[in-house]
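Notes to accompany the following structure.
The values are calculated or read from the model by the stated rules, or taken from the named source; none is laboratory data. None of the values given here were measured: they were computed from a predicted structure. Reconstructed Cβ throughout: ideal geometry from the backbone, glycine too, with neighbour counts over all protein chains shown. Heavy atoms of the whole protein, side chains included, go into the accessibility calculation; ligands, DNA and RNA do not. Shrake-Rupley method; radii C 1.70, N 1.55, O 1.52, S 1.80 Å.
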Amino acid sequence: MPVLTAHNICKSFGGEEVLKGISVDVEKGEVLTVIGPSGSGKSTLLRCITQLETIDSGEISVCGDTLVKTGSGGKAEYSDRAACNRIALHMGLVFQNFNLFPHFSVLRNITEAPVCVLGKTKEEAEKTARALLQKMDLADKADAYPCQLSGGQQQRVSIARALAMNPDILFFDEPTSALDPELTGEILKVIRSLADEHMTMVVVTHEMAFARDVADRVIFMAEGVIVEQGTPEQVFGCTQSERTKAFLSRFNSTGV
Ligand SMILES: Nc1ncnc2c1ncn2[C@@H]1O[C@H](COP(=O)(O)OP(=O)(O)OP(=O)(O)O)[C@@H](O)[C@H]1O
Ligand SMILES: [Mg+2]
């Protein structure tokens, strides 16, 4: 059973169709990277799947649980609040700009949701948080505040925060694009190590070498549709669509 099934997702903003019938399945342990030009709908797709946006029509199921399906009138019909909340617990999202709570310590940023949402004891949550900080090479930063950390460190805290909820699937929306090149590498290393541990992940990225290297499958999106998808070898090495070729050549010519 796929961890995520999204079928024929459509989403418009004020009459502009941003997602035009996107379908994607993600299997357990699979790493999917999503590439494509700015404005192609990559973030909107992640936001729709993780319930930060609602869809207009289409179907989304997570771990076999239906979040939304298209009703008889052709419009999206969401499951009840309890189901939506339950499904949200299966998913973690790491943003481009970290989104840590500035007034909480690093440790509390990580323990807050496990305590308040999952009902873990403070001791239990802190034990997990410290283990995750150790894994992120940030054991000494538990009592620091986000503003005292580098961007790369803040992003590693936000990855630890997502992992503390023990999600079945983790989404990353351009996790390195707010970082200096030298800090980018440390985040890519963390994501790669999660891939080695068979964490199920969907990673939107402009880092083409990384998208190729870490993925089991690559999706190229443009103008709200999936133009091309396949293994990294297929999409990067044996590109079929002219649109994909044009996009990739821009990266090649700039040496990125
Ligand atoms: N909340 C919103 N209200 C109105 N329009 C939106 C909203 N969010 C996104 N859009 C529009 O939807 C389109 C797709 O945006 P989206 O952020 O999904 O693109 P993207 O592929 O993530 O781009 P980038 O690579 O620049 O992050 C854009 O035209 C954008 O202006
Ligand atoms: Mg985006």
Summing -39500 (n - 2.57) over every DSSP H run of at least 4 in the chain, dividing by its residue total and rounding to the nearest 500, the 222 nm mean residue ellipticity is -10500 deg cm²/dmol
When the charge dipole of the chain is computed with +1 at the Cβ of Lys and Arg and -1 at the Cβ of Asp and Glu, the Cα pointing farthest to the positive end, of A246, N166, Q234, is that of N166
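Quick one: pull the percent of accessible area on segment 102-256 belonging to carbon and sulfur, 1.4 Å probe, ligands and nucleic acids left out. Show your work: numbers first, answer last.
Details: 3650 of 7440 Å².
After summing per-atom areas, the C and S share lands at 49 percent.
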Top mean-square fluctuation among H198, H206, H90, Gaussian network model of the chain, C-alpha springs under 10 Å?
-> H198
Restricted to pairs 8 or more residues apart or on different chains, the lysines in the chain with C-alpha atoms under 19 Å apart form a number of pairs equal to 12
Which whole-number value in Å² is the accessible area per residue of segment 129-227, probe 1.4 Å?
-> 41
Extreme residue, positive dipole direction of segment 169-256, given options A211, M221, T200 (C-beta unit charges) | M221
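Taking only C-alpha pairs under 8 Å that are 6+ residues apart, what is the relative contact order of the chain in percent?
Numbers: 480 pairs, mean separation 63.2, N = 256.
Answer for the chain is 25 percent.
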In segment 178-255, the GluC sites (Glu not before Pro) that fall in loop regions by DSSP, at most 11 other Cβ within 10 Å = E197
Given charges at Cβ of Lys, Arg, Asp, Glu: segment 46-111 dipole, positive-most of V62, L52, S72 | L52
Taking alpha-carbon centroids only, segment 82-116 lies from segment 186-217 a number of Å equal to 21
